[in-house]
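Readers should treat all values here as calculations from the given coordinates under stated rules, not as data from a laboratory. Predicted model only: the values in this text are computed from it and were never measured. Note that we place each Cβ from the backbone using ideal geometry, even for glycine, and neighbour counts take in every protein chain shown.
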Amino acid sequence: MPRNILHNYLLCYDISDGRRLNRVRQAVALTGRPLQYSVFLVTTTEKGLEKLIDDLEREIDPREDDIRIYPLEDHTVIQTLGQHPVQMEGIRLVGPTDRVLFEKLESVG
């Protein structure tokens, strides 16, 4: 599989220390878009994801902190309820009763 194709990942974290939290948030924000306070949509290559993981491993305490990264399939539909979502290129967001809030305009990759 080519390592230069962009993929989407859902990255979530729970960091117990404020200083580490700030460093993790800054590292993730370089390639990710915030969806909620500790949840990001990261669009990067396989190589970029490996670098991000390496960077995050240096910032956390694995005994106290938790970071999870979930790969998203192309054409993923994300259901949202409540506040208006952040609009993102490459993702289709739908609200209650499948009302489209943001339609995917370009394919990622």
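For Arg63 and Ala27, a Förster radius of 25 Å and the Cβ-Cβ distance give a FRET efficiency of 0.80, rounded to the nearest 0.05. Sparse packing (at most 13 other Cβ atoms within 10 Å of the Cβ) combined with a DSSP loop state is found for the following trypsin sites (Lys or Arg not before Pro) in segment 20-71: Arg63. Each of His75 and Asp54 was given a label point 7 Å from its Cα along the Cα-to-Cβ line. The distance between the two points is 3.5 nm. Once the mean 1/r over all distinct Cα pairs of segment 1-79 is inverted, what Kirkwood radius in angstroms do you read off? One over the average 1/r among Cα pairs gives 13.0 Å for segment 1-79.
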